[in-house]
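The block underneath contains the structure these notes are about, expressed in structure tokens.
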Amino acid sequence: MDYKKTYYPLTNHGGTMNKKNNLILSVLLILFFTSFVFGQNILKLKPYDGTPQSLFMAQIKADTAANHGVLPDRVYELESGGIYLNTEQFNVAKGVTIRLVCNGPKKPIIYQFPTGTGSNPQNPPGNLFVLQGGNLEMKNIAVSGYFEASSDYLDNLQGGIINTTQEGSSIIIDDCIFNNINGQHIRTGSATKKVKVTNTIFANMGFLGRSNLGAGKGIDLREASCDSLILVNNTFVNYQDRVIRHYNFSNPLAGTGGIQYCLIDHNSFVNGMGFHGLLSLGNVGKEVIIKNNLFYDAFALGEDSTDATRAAEWANTGETYANGNNRITWIFSAPNDTTQWTVKNNYYVISPEGQ
């Protein structure tokens with residue numbers, strides 16, 4: 001995702017055209033590239049000003065109502081440093097792409113805010129976006145699961161930020177901050193084409209006030225397939241459960257859909273409990289690359305052969321202790337003889353404080 005205006009130099013590589021033809025071609029190319037650059041139809045969303053119309057999703061819904069849906073080239077631009085309150089979940093239909101971007105130096109932040117409706121009006125919406133086969137692209141945006149101005153809102157912390165409920169979606173996140181949920185920041189309940197996250201911070205995953213020790217994940221793929229899972233230059237900090245959860249809890253031996261290509265490169269994993277592991281990859285496909293990562297107090301609970309509750313979610317590996325409990329490991333997947341694994345240049349440490 002790159003929404004910067006780019007102009008391309010015109011170069012004459014041959015001597016067969018005269019100056020007039022060169023001029024005509026140059027004009028046509030300028031018109032083409034100008035239309036390409038400005039073909040992204042930007043709508044600037046204003047920060048919350050106390051009116052219902054300025055709520056984050058109200059502005060997007062007003063735009064879609066006026067245009068009978070999301071325009072194919074629409075880009076929603078948030079104001080640098082702006083504060084946005086959100087009280088609604090937005091469903092992204094198949095064939096639709098939601099693009100959010102901030103071009104300024106300071107990330108705007110979207111706070112999930114109490115809906116004010118339903119049987120639990122103090123709850124914020126359970127997700128920001130739910131992809132029903134549609135796509136999501138976000139760049140330089142911060143999202144928090146509750147309104148951080150008052151700790152009172154923490155008691156109603158909800159489950160996540162992004163979810164999918166139908167197959168075929170792609171999720172592309174760059175230079176964002178996702179913070180404060182009791183479940184998982186990204187969850188894919190259905191088969192996805194691509195989940196690509198770069199240069200992003202995932203923080204504060206899990207909240208025992210409303211959930212359990214098995215919640216609090218970075219990316220939860222459930223048992224769905226994913227063509228490409230790409231995580232590069234991210235930080236995952238303060239998580240109760242796993243950074244990646246790809247597991248079939250109801251039938252572990254039946255396995256999951258495959259992650260056909262997996263790249264985990266130059267990430268930092270910091271201060272994680274790891275109740276059910278660290279990287280739970282499920283069934284994997286052609287290639288898995290895990291390299292150049294820092295693991296710093298990343299699996300704080302470590303291994304415990306006597307803890308049957310924790311060990312229950314390692315039932316897809318076929319490895320057990322002498323007492324019959326599943327073997328607890330940092331990184332695990334369903335075994336196969338075909339995946340090409342590259343695991344190198346990773347650094348792991350337990351700090352004195354972590355010990």
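The values are calculated or read from the model by the stated rules, or taken from the named source; none is laboratory data. Fair warning: this is a prediction, and the values are worked out from it, not measured in the lab. When we count neighbours, we look across all protein chains shown, and the Cβ atoms used for this are built from the backbone with ideal geometry, even at glycine. Note: areas computed on protein heavy atoms with side chains; ligands, DNA, RNA excluded. Shrake-Rupley method; radii C 1.70, N 1.55, O 1.52, S 1.80 Å.
Here are a few things to note about the model shown:
- Of Thr339, Thr306, Thr320, all but one fail to be touching a strand residue (DSSP E or B) at 6+ places or on another chain (Cβ under 9 Å), farther than 30 Å from Ala203 by Cβ and free of Cβ contacts under 8 Å to residues at least 24 places away in the same chain; the exception is Thr320.
- Any hit, the range 130-146, residues being assigned to a loop (DSSP other than H, G, I, E, B) and either touching a helix residue (DSSP H, G or I) at 6+ places or on another chain (Cβ under 7 Å) or free of Cβ contacts under 8 Å to residues at least 24 places away in the same chain (or both): yes
- For the range 334-355, filtered to residues that are open to solvent by less than 90 Å² (accessible area, probe 1.4 Å) and more than 24 Å from the chain's Cα centre (by Cα), the residue that is nearest to Ala315 (Cα to Cα) is Asn336.
- In the set (1) in a loop (DSSP other than H, G, I, E, B); (2) surrounded by fewer than 16 Cβ atoms within 10 Å (Cβ to Cβ); (3) among the small types (Gly, Ala, Ser), the condition left unmet by Ala312 is number (1).
- Within the range 89-106, the set of residues being buried (at least 19 other Cβ atoms within 10 Å of the Cβ) and assigned to a loop (DSSP other than H, G, I, E, B) comprises Val96, Cys102.
To keep it simple, each residue is scored yes or no on (1) small (Gly, Ala, Ser); (2) without any contact (Cβ under 8 Å) to a residue 12 or more places away in the chain; (3) surrounded by fewer than 15 Cβ atoms within 10 Å (Cβ to Cβ); (4) out of contact with any Asp or Glu (no Cβ under 6 Å at 6 or more places or on another chain).
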| residue | (1), (2), (3), (4) |
| --- | --- |
| Asn283 | no, no, no, yes |
| Val288 | no, no, no, yes |
| Asn293 | no, no, no, yes |
| Gly324 | yes, yes, yes, yes |
| Arg327 | no, no, yes, no |
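- Members of the range 42-88 found to be outside any loop (DSSP other than H, G, I, E, B), of a type in the set (Val, Ile, Thr) and touching a strand residue (DSSP E or B) at 6+ places or on another chain (Cβ under 7 Å), listed by number: Ile42, Ile60, Val75, Ile83
- Considering (1) under 18 Å from Leu131 (Cβ atoms); (2) free of Cβ contacts under 8 Å to residues at least 60 places away in the same chain; (3) open to solvent by less than 10 Å² (accessible area, probe 1.4 Å), the lone condition that Phe202 does not fulfil carries the number (1).
- Selection status of Tyr261, aromatic (Phe, Trp, Tyr) and open to solvent by less than 10 Å² (accessible area, probe 1.4 Å): no
- Scanning the range 108-123 for residues that are open to solvent by 60 Å² or more (accessible area, probe 1.4 Å) and either of a type in the set (S, T, N, Q) or under 22 Å from the mean Cα position of the chain (by Cα) (or both) returns Thr117, Ser119, Asn120, Gln122.
- When the range 238-289 is filtered for residues that are among the hydrophobic types (A, V, I, L, M, F, W, C), within 29 Å of Gln355 (Cα to Cα) and out of contact with any Gly (no Cβ under 8 Å at 6 or more places or on another chain), the ones remaining, listed by number, are Ile264, Phe269, Val270, Leu279, Leu281, Ile289.
- The set of residues in the range 40-60 that are within 18 Å of Pro124 (Cα to Cα) and hydrophobic (A, V, I, L, M, F, W, C) comprises Leu55, Phe56, Met57, Ala58, Ile60.
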